[in-house]
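The values are calculated or read from the model by the stated rules, or taken from the named source; none is laboratory data. Treat the numbers as computed from the prediction; the structure is a model and nothing was measured. Positions of Cβ are backbone-derived with ideal geometry, glycine not excepted, and every protein chain shown enters the neighbour counts. What goes into the accessible areas is simple: the full protein's heavy atoms, side chains included, and nothing from ligands, DNA or RNA. Shrake-Rupley method; radii C 1.70, N 1.55, O 1.52, S 1.80 Å.
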Amino acid sequence: MARKILRIGLVGVGAAAQVNHIPALRKIEDLELVALCDRDPEKVARVAQKFQIPRHYTRFEELLGNDEIQAIDICTPNFLHAPMAMSALEAGKHVLCERPLARSAEEAAAMVKAAKKNDRLLMCAVQHRFREDAQLLRKFVQNGDLGDIFLAKAGWLRQRTEWDSDEWRRTKRESGGGVVLDLGFQMLDLSLWMMGSPAVESVTASVHRLRKGEVEDSASAFFRLTTGATLTLELTWGLLMEKDFAYVNLFGSGGAALLNPLRIHKGMHGSLVNVTPSPETSRNQYKHSIEAQLGHFADVLRKGTKPMGTAEEILPVMELMDAVYRSAEQGKEVRLA
């Protein structure tokens, strides 16, 4: 029996595509990256040549018009996520979209609707869930090793020097928001996913602009969960320290865990025991997680594996992003239905 080959097209050949997506896609067995698309003709031609990809287009309609392509990988700026994903779904293509899924919950909901209507898969690139340490920690939580979690703390504080040079990130219309959508989306999604996706009752948030610009570059938020637990989130693009730090810390009635680096302690027989499993290798977590995410997308389409990170699953996170902005704007707690 002939093996089923999945043919994919990618749009937006910026850093995310060149450093992460394209090299990872080319490693996957029975997957063929057949075409690239970008509005910059010189750039798309150069990248296609560098990675030996047979076709390249400057118009998205041409990419969608290629009948051999079954799925589209969207690596464009945020404002293009919804229109491109919806056009691709309408054209009968499955879609993997870079994070955040959209600029707002309203856009995300329209995308979910388009996926349902066209009976196509729409997934968000939540590669942080595919980190080995995150998956290990989630298993500990699921098995009840930490007892009832009452407090979770998450944050991503990035050095000022590492600010993205992409102009669009600082333009509200194109990005939809600043650090909240950029780093906050990932940390909030990861924390809630590791805790078993509890519902959120209310959000209190504050945002700051350290530099002149249309979007926030720092934020903090406090989430009350329906389980009775609380989650705090702190974010910045303007950290003045020697290195970035990103963390998720979970505190429970039976133990506690810290992510990055992974440490798990639990109370056993009246004493505290370090139960941290040693990770399999010292491989680059970030690179590995992207390869795992793209491999998962291919497996879902080829083998019918249960998808993780579908647009429907991500919609509540987008609603929380909206609530963070609303709370910051109104200066008060926002309660969710």
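Of Lys116/Lys303; Lys43/Lys172; Lys27/Lys93; Lys139/Lys212; Lys306/Lys332, which sit over 31 Å apart, Cα to Cα?
On the way: Lys116/Lys303 20 Å; Lys43/Lys172 25 Å; Lys27/Lys93 22 Å; Lys139/Lys212 43 Å; Lys306/Lys332 39 Å.
Beyond 31 Å between Cα atoms: Lys139/Lys212; Lys306/Lys332.
Which one of Glu106, Glu214, Glu62 has the biggest mean-square fluctuation once the chain is modelled by GNM with Cα springs under 10 Å?
Checking each option, the largest mean-square fluctuation is seen for Glu62.
Would you mind computing the Rg to Rh ratio of region 221-337 from its alpha-carbon coordinates, Kirkwood style for Rh?
So for region 221-337, dividing Rg by the Kirkwood Rh gives 1.02.
Could you give the distance between the Cα centres of region 25-95 and region 235-258, to the whole Å?
Region 25-95 and region 235-258 have Cα centres spaced 36 Å from each other.
Round to a whole angstrom and tell me the spacing of the C-alpha centers of region 287-334 and region 169-207.
Using only Cα atoms to place each centre, the spacing works out to 10 Å.
How large, in percent, is the carbon and sulfur part of the accessible surface of the chain at a probe radius of 1.4 Å?
Summing carbon and sulfur atoms, their accessible area is 50 percent of the total for the chain.
For Kirkwood radius over Cα pairs in Å, the listed values are [x] 20.2; [y] 20.9; [z] 22.8; which was obtained by calculation from the structure presented?
Computing Kirkwood radius over Cα pairs in Å and matching it to [x] 20.2; [y] 20.9; [z] 22.8 gives [y].
With a sphere of radius 11 Å drawn around the Cβ of Glu201, what net charge do the other residues whose Cβ falls strictly inside it have (Lys, Arg +1; Asp, Glu -1)?
+1
Would you kindly state how much longer the chain becomes between Arg326 and Arg7 on full extension, computed as 0.36 nm times their sequence separation minus their alpha carbon distance, in nm to one decimal?
110.8 nm
At 1.4 Å probe radius, can you tell me the per residue accessible area of the chain in Å²?
About 48 Å² of surface per residue is accessible.
Please compute the length gained on full extension between Gln52 and Lys117, using 0.36 nm multiplied by the number of residues separating them and subtracting their Cα-Cα distance.
Here the answer is 19.9 nm.
Would you mind counting up the charge near Glu234? Only other residues with Cβ under 15 Å from its Cβ, with Lys and Arg at +1 and Asp and Glu at -1.
Working: positive: Lys153, Arg158; negative: Asp182, Glu216, Asp217, Asp244.
With Lys, Arg at +1 and Asp, Glu at -1, the net is -2.
According to a simple spin-label model (label point 7 Å from Cα along Cα-to-Cβ), what is the distance in nm between Glu333 and Ala199?
With each label placed 7 Å out from Cα toward Cβ, I get 1.7 nm.
If you stretched the chain out fully between Asn284 and Asn260, how much longer would it get, using 0.36 nm times the residue separation minus the C-alpha to C-alpha distance? Can you show the working numbers first?
Numbers: separation 24, 0.36 × 24 = 8.64 nm, distance 1.26 nm.
Length gained between Asn284 and Asn260: 7.4 nm.
Percent relative contact order of region 198-313, based on C-alpha pairs within less than 8 angstrom and at least six residues apart?
11
Which whole-number percent is the relative contact order of the chain (Cα, under 8 Å, 6+ apart)?
19
Can you compute the FRET efficiency between Ser206 and Trp168 using 1/(1 + (r/R0)^6), with r the Cβ-Cβ distance and R0 = 25 Å? Round to the nearest 0.05. Kindly include the intermediate steps, with their values, before the conclusion.
Numbers: r = 25 Å, r/R0 = 0.99.
Efficiency at R0 = 25 Å is approximately 0.50.
Anyone know which of Leu239, Leu64, Leu181 comes out most mobile in the 10 Å Cα GNM of the chain?
Most flexible of the set in this elastic network: Leu239.
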